[in-house]
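Each remark here refers to the structure printed beneath this line.
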Amino acid sequence: MPIKYIPEKQIWVITTDLTDYVIGVDAEGILQHVYWGGKQPLLLDYMDLPKSIEHPGGGPIGPHRDEIMPWGGLRFTEPGIKLTFSDHIRDLHLIYDRHELLNSDQLVIYLKDTLKPLTVKLNYKVIKEYDLIERYVEIVNEGTEGLQIEQLMGAIWHLPVYPEYRLTYLAGLSRGETQVRTEWIQEGKKVLESRHGRTSHQFNPWFAIDFGQTTEEYGDVYFGAIAFSGNWKIVIEKTPYQTLQVATGFNDFDFGWTLKPGEILRSPICIGGFTAKGFGEASRQMHRYQKKYILRNGHKVRKVMYNSWYATEFDVTEEGQRRLAEQAAKLGVELFVVDDGWFGARDHDRAGLGDWFPNKRKFPKGLHPLIQHVKSLGMDFGIWVEPEMVNRDSDLYRSHPDWVYRFPGRRNTEQRNQLVLNLSRPDVEEYIFSMLDDLLSNHEIDYIKWDMNRSFSEPGWPEAPPEHHKEIWVRHVLGVYRILERLQRKHPHVAFESCSGGGARIDLGIMRYIDNVWPSDNTDPFDRLFIQEGYTYAYNTKAMLCWVTDVPDENNLRTTTLKYRFHSAMIGSLGIGLNLNKCSELELQECKKYIRQYKEIRPIIQDGDLYRILSPRSSYGAAFQYVSPDRSRSVLFVFRHRQQFRHPFPPIQLRGLDPEAVYLCRQLGIKRSGTSLMTRGISLDLRGDYASELIVFEKDINY
Ligand code: GLA
């Protein structure tokens, strides 16, 4: 049983394969965190609740390990819940009421306020095989008056008391997303958050904490993430008493929610995990979990894609796209995606957003002839949309200027010449759904690239009663999720991509509705190694789109070989963004060769386990390795940053192989035991700047 309840002690032990998470009710009825970490041998190891810290003058300093931290009493750390009742009382005192066990892997604990008709439900779900717990909190207003919620977190995670904690997180910017950062945690708060209305380029809702000695392979790591695509917040807080809590949930900044009688507000789902096997295993647990439970179509093969954006930008025409499609098909591409520029008056980014009908000049007979052509070439057809946005210069804005977020009478700031449609309004949500539904119903579209190219500003909703204005941060995101859910119910065969000016909408919330994500508008293969490395800390690379584009790359003006570009892109779901009309026959042949090779090794990459052998943050290179689930095949990608002093590339020790087995590597002409490959390692003659190699290992079954 993954969840055990010990009634005489009022203690719950939530058990995964390798960890235990323990909570219990104290003498005052408050739900306290007891333990989280590697399994202890006996249940009696958990029977004592942690003692509260005594004030030198007597009495406790506060309930430091409150499982959800409602704001009230002697609680001074980041609250899990903060609210105001209709009589302006702002005190919340939650005590244990009852619990329910659902399907043996879900626990619901009901807490009630001591005076007001308010219930808080703490929900736990065990992901036993991956040592993860999903948590979320629901506030139920059982009274006859409304109340104002000012903060709602899905989880407060308490870590064991330890003298030193180290935080790892993902920070970045547009064209430099998900870069790994590590720092020591001192007393005070470290806040990772989004205030952008979307997940954001700047920070990703994921964290990992260790005690300072953990490596890729060894050591304790606590890690977690938030499944939400709007304003989220992670507060890592070390107290002067050396305790550490991590609060994860909605961002309380400019947030407010009026909960009417009988209504429920649900926090985002927050995921937490523990492993004693280092950062590598922490990532692999997340990858496996996402593939099995979260990522849409997690079991399906990701097709090799061509996307026209870098080749044509807004200069999209039926003829031009036909030519690209013909070239792409010859290379072995399986999915052809027409990007921005096909609709309305979209000749540049100043017009057209909102008018989702084919531009008559560019597509005189609509999209059908191009779609038929792409299909006749044996490829699926995909198309770009940015449904949450509008240009002022569009028919949609001209007929519905009140459909955008705004504060009346004040300037409405544009970003990329566009405004955000107010998806908190049910009529706007309905319109967007029907527009996309029509597009999919009237065309044979297999793939939607859903973009979202700006952050929110002036987030006003003047038509709504004032007490609902600050709800937009959550309502908008729930609107997006609902549209995606309805579309997918009606058009189940259509695959979806989440893009947001690059990687500003990558999280476990959107992942339930999408097959692929676009991690960054930066396709420089060298920069991508860093962006992709950070991405793998939190997310499965099956969904991670990586394209090969032209050189010099537009961000750094770097020129790299096709080989290096392909290798960097083959670490995830391969795509091509080259202007194929400008490639030489030799280059096209080379592309064809790599695409064929990718298809051969794709099952190992898309369904195997990832080992980060060498971080690109090292001075000399990077290496990533995939191992198939049965350990019979493995692919190693190695990159050299630069060559100096004729130094050889250091040996690479592989990981995750069967130590007993013998592996054959045709490229290197060697046969070696798994043990030897993982200890003695292999030496590569990898020379020159931006050099790379892709090496395949196969179990020799004759051994
Ligand atoms: C964003 C996306 C790009 C491309 C453009 C089109 O920047 O990240 O991939 O789709 O929009 O305008």
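No value in this document is a laboratory result; all are computed from the given coordinates. Quantities reported herein were computed from a predicted structural model and do not represent experimental measurements. Note that we place each Cβ from the backbone using ideal geometry, even for glycine, and neighbour counts take in every protein chain shown.
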*Interchain or long-range residues, amide H under 5 Å from ILE670's placed H*: CYS665
*Sorted from largest down, give the three principal axis spans of the alpha carbons of the range 613-699, whole angstrom values.*
38, 23, 19
*What aspartates and glutamates could a cross-link reach from LYS9, if we take a straight Cα to Cα line under 18 Å and drop same-chain neighbours fewer than 8 places away?*
ASP20, ASP26, GLU28, ASP45, ASP48, ASP66, GLU67, ASP97, GLU100
*Put +1 on the Cβ of every Lys and Arg and -1 on every Asp and Glu Cβ in the range 87-218; which of TYR130, ASN141, GLY197 then has its Cα farthest towards the positive end of the dipole?*
GLY197
*Which of the peptides 649-656, 172-179, 573-580 is most tightly packed, and how do the rest follow, judged by the mean count of other Cβ atoms within 10 Å per residue?*
573-580, 172-179, 649-656
_Quick check: convex hull of the Cα atoms in the range 93-231, volume per residue, rounded to a whole Å³?_
168 Å³
*Please label the shape of the range 472-520 as rounded, prolate or oblate, based on the square roots a ≥ b ≥ c of the eigenvalues of the alpha-carbon gyration tensor (a/c under 1.5 means rounded; beyond that, a/b larger than b/c means prolate, else oblate).*
oblate
*Value of relative contact order over the range 12-55, rounded to a whole percent, pairs C-alpha under 8 Å and six or more apart*: 30 percent
*Name the residue farthest towards the positive end of the dipole of the range 423-557 from the options TRP547, GLY509, SER434, assuming +1 on Cβ of Lys and Arg, -1 on Cβ of Asp and Glu, about the Cα centre.*
GLY509
*Name the residues whose placed amide hydrogens come within less than 5 Å of the amide hydrogen of VAL34, ignoring near sequence neighbours (fewer than 5 apart) on the same chain.*
VAL22, ILE23, GLY24
*In debye, nearest 20, what is the charge dipole magnitude of the range 107-150 about its Cα centre with +1 on Lys and Arg Cβ and -1 on Asp and Glu Cβ, if you could check?*
140 debye
*List the relative contact order of the range 305-607 as a percent without decimals, with contacts defined as Cα pairs under 8 Å and 6+ residues apart.*
17 percent
*If you place +1 on the Cβ of every Lys and Arg and -1 on the Cβ of every Asp and Glu, how big does the dipole about the Cα centre of the range 193-260 come out, in debye to the nearest 20?*
440 debye
_From the phi angles alone, apply the Karplus equation (6.51, -1.76, 1.60; θ = phi - 60°) to the range 572-587 and give each ³J(HN,Hα) in whole Hz, x where the residue is Gly or Pro._
x, 8, 6, x, 10, x, 5, 7, 5, 6, 9, 6, 6, 4, 4, 5
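Using only alpha carbon pairs under 8 Å that are at least six residues apart, calculate the relative contact order of the chain and give it in whole percent.
Rounded, it is 10 percent for the chain.
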*May I ask which residue of GLY278, THR560, SER104 lies farthest towards the positive end of the charge dipole of the chain, with charges of +1 (Lys, Arg) and -1 (Asp, Glu) on Cβ and the Cα centre as origin?*
THR560
*Count neighbours as other Cβ atoms within 10 Å of each site's Cβ, and list the chymotrypsin sites (Phe, Trp or Tyr not before Pro) in the range 554-659 that are DSSP loop with at most 14 such neighbours.*
PHE645
*If all Cα-Cα distances of the chain are sorted into 20 Å bins from 0 onward, what percent lands in each bin, rounded to whole numbers?*
17, 48, 30, 5, 0
*Would you please give the residues with an amide H less than 5 Å from that of ILE613, counting only those at least 5 places away or on a separate chain, with H modeled from the backbone geometry?*
ALA623, PHE624, GLN625
_Calculated from backbone phi, Karplus (6.51, -1.76, 1.60) coupling profile of the range 689-703 in Hz, x at Gly/Pro_ = 6, 6, 9, 8, 8, 10, 10, 10, 10, 10, 5, 8, 6, 7, 8
